[in-house]
Amino acid sequence: MTALPPPPPGRLNPVRRRLTGILMEYLPVRPYPIDMTTWLPYGPAGLMGKVTGAFGIRGGFEGFLREEDGVVVALVPPAPRPTARALTAPFRLAAKARRYDPARWTEDRRFTGYLAAARDLAALDLGALPWEELIRVPRRALDLVAPVADLRIDYLPGTGLALLRLLVAVKLLRRGPLFPGLLAGAVTRTSETNRALERLAEVAVRTGALDADPKPAEFLAAFEEFLREYGHRETASPILVTPPTWADAPETVLGLVRMLAAHPAPAAGEPGDALDRLLGHPLLRAPGRRERMRRWVTAARAGIAFREDSHFFFTLPQPVLRRSLVELGRRLCAAGLLDRPEDVFHLRLEELEAIGGEAALTGPDGARLRELARARAAKREELAGIRLIDPAAVFPPAAVDGDALVTGAPASAGTATGPVKVIREPAEFGRLAAGDVLVCPYTNPSWTPLFQRAAAVVVDSGGTASHAAIVAREYGIPAVMGTGTGTSALEDGQVVTVNGDAGTVVPAA
C-alpha cells in the first residue's frame, strides 16, 4: 500500500511559519522512534518549546511530529499560544539582555562545567560496560544537555536585541540591503571548522594522501586531530541522533577534503566593505555616532557567533549517545533480536530501558521487541520519499513585480549569474561544478565545500541566521533563503541571476 503525503497545513501566520521553517531546516530526514525519545526532545526542537514557555508562550510543540504505529508520518506546524505571563515578557527579555552578554557566554560557569562533563562521558569504553551500566549512558548524555538549554534562554535575548537594534538602525538610515553584509564579520566555530578543513586539504595535497594507500603519517595525524576537535559535527541533522557524526563516518570528511583539494577555496569576501559603506553615511560623520555604530555591529556579530557556537558545543554529547545506542543494538544482534545494530533505531529508549538485562532477551519481551522493530521498519519503507510537510506551504512565494522565478529572504548580499544545479542530498555533491548556482532544500556543515564552488546559493528553508546564510556571507556569495519552492521551481541548467539583496531569483538577461 502506497502512503499518502500529509495534507497541506493551510495558511500559516508569520510566527507559525517561522517556527515550522526552523523545524524543517533541522529535520531534513524522517526521525526514527529512537530520535523521538532521545536527542530530538532535548536538542534545538525541544529548546524552542523551553524558550517560548519561558516567556509566556505555551503549547504548540507537543505532538508537532505526528506518529502512526510508532513511526513519524507528518510534521504538524506548531501553534503556540500566549498566556498572561507574555505581558511581562518584554521586561524579562530586557533584563536578560542587560545581564547576559552573548560575547561572554563561554565564560559562564554552566558552560565550563558542561564541557568537563561532556569530556568525561566521551572517555567511556562503551564496549566494556555491562548492560546495566550501558543502558544508563543515553540518559547521562541527555541529562548533560537539558540544563545547558538554560544558557540559550539566558543569552538569546541579548542576541535578538543586538540584531534588532542594528536592523532598525540601517533601515532608518535607508541602508537596509547592507544588513546581511554587516553580519559577515562574525567569527564562529563554523568558520573555524571551514578553515580547518581547508588546512587538512592542503596537507592532503602536499603529502599526496588522496591517492595513497596507506595514507601518509603526517596526513593521518592531522586527520585524527581534526576529528578530535570537530568530529561531533552532524552529517544530516543537529536534532537527530541516528545519522552518523563526522567521527562515526570519517569517509564523509575525506570526501570533503577531496572536494576542497580539487577546488581550493577562493578568497573570502571582505566583511569590512559593508561597514565602511555604512559608516560613509552623512549622518554618521560624527566620531561618537560612528563609534556607536561600530559597537552595534560588533554586538550583532557576537550574537550571530553565539547562535552558531552554542549549537556547535551543545552537540558534544551526541556522538557518545549514538554510539551507546549502536552498542546496545550490537548486543541485541548477538541475541538474535535484530538483523543489524542500527535496527535499534526502530525502538524507543523506554523500550530498551525496560529490558531487565541481556539474559532477558531470549524471552517473550525479546520476541516482542523483534516484531516491533520489523513492523516499524516496514512502515518507514512505506513512507520513503514522502515529505513530512510541503515546503511551499511554509514558505509561500512573496508577491513581487517582474519575472522572479522564486523569492525568499535576502541573506547574503550581491548578485551572481550561473546555471542552476539542484542538489538534494550529500550523495549528489559531486554534480556541482564551479560557477553553478547551488539550489538545495537545506544545508549543514557537510555542505560547506559546495559554497566554495557555487556562484550563489538558493535554499528552500532557513533564514538570515541559518547555517547556509552564515557560510554564504563568509565566502561572499549571494544567498536567498526560505524560498520554499526553489528545488521544485528551478531546473538543472537553467541560467538565472540571484539577487542576495532583494531575495529574488530571475531568468538571466
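The values are calculated or read from the model by the stated rules, or taken from the named source; none is laboratory data. As the structure is a computational prediction, the values presented were derived from the model and not from experiment. Virtual Cβ from ideal backbone geometry, glycine too; neighbours counted across all protein chains shown. Keep in mind that these areas ignore ligands, DNA and RNA; they rest on the heavy atoms of the full protein, side chains included. Shrake-Rupley method; radii C 1.70, N 1.55, O 1.52, S 1.80 Å.
Key figures
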quantity	calculated
Of Phe313, Cys333, Phe345, farthest towards positive along the dipole that unit charges on Lys, Arg, Asp, Glu beta carbons give region 312-369	Phe313
Shape parameters for region 82-169, alpha-carbon atoms, Rg then Dmax in Å	18.4, 59
Probe 1.4 Å, protein heavy atoms only - accessible area per residue of region 107-241 in square angstrom	47 Å²
Size-normalised alpha-carbon gyration radius of the chain, reference 2.2 N^0.38 Å	1.00
Most positive-pole-ward Cα, Pro391, Leu173, Ala300, against dipole of the chain from beta carbon charges	Leu173
Packing-based ranking, highest mean first, of 143-155, 467-479, 89-101 given that Cβ atoms within 10 Å are counted	467-479, 143-155, 89-101
Accessible carbon and sulfur surface of the chain relative to its total accessible area, %, 1.4 Å	55 percent
Dipole-positive endmost among Leu161, Ala404, Ala196 within the chain (Cβ charges, Cα centre)	Leu161
Cut-off 14 Å between beta-carbons: net charge of the residues surrounding Arg30, Lys and Arg +1, Asp and Glu -1	-2
Long-range tail of P(r) for region 307-449 (Cα pairs > 27 Å, %)	51 percent
Straight-distance crosslink candidates among lysines, where the alpha carbon sits under 22 Å from Lys50 and sequence neighbours closer than 8 are dropped	Lys96
Fraction of antiparallel bridges per DSSP, the chain only, in percent to nearest 5	70 percent
Between helix 217-230 and the chain: long-axis angle, C-alpha atoms, 0 to 90°, nearest 10	80 degrees
Residue-normalised accessible area of region 285-378, expressed per residue, 1.4 Å probe, Å²	44 Å²
Degrees between helix 137-172 axis and first principal axis of the chain (Cα, 0 to 90, nearest 10)	10 degrees
Crossing angle, helix 109-122 versus the chain [Cα axis fit, 0-90 degrees, rounded to tens]	40 degrees
For Asp501, residues with placed amide H under 5 Å, excluding near neighbours	Gly414
Lys, Arg +1 and Asp, Glu -1 on Cβ, resulting dipole of region 310-349 about Cα centre, debye, nearest 20	100 debye
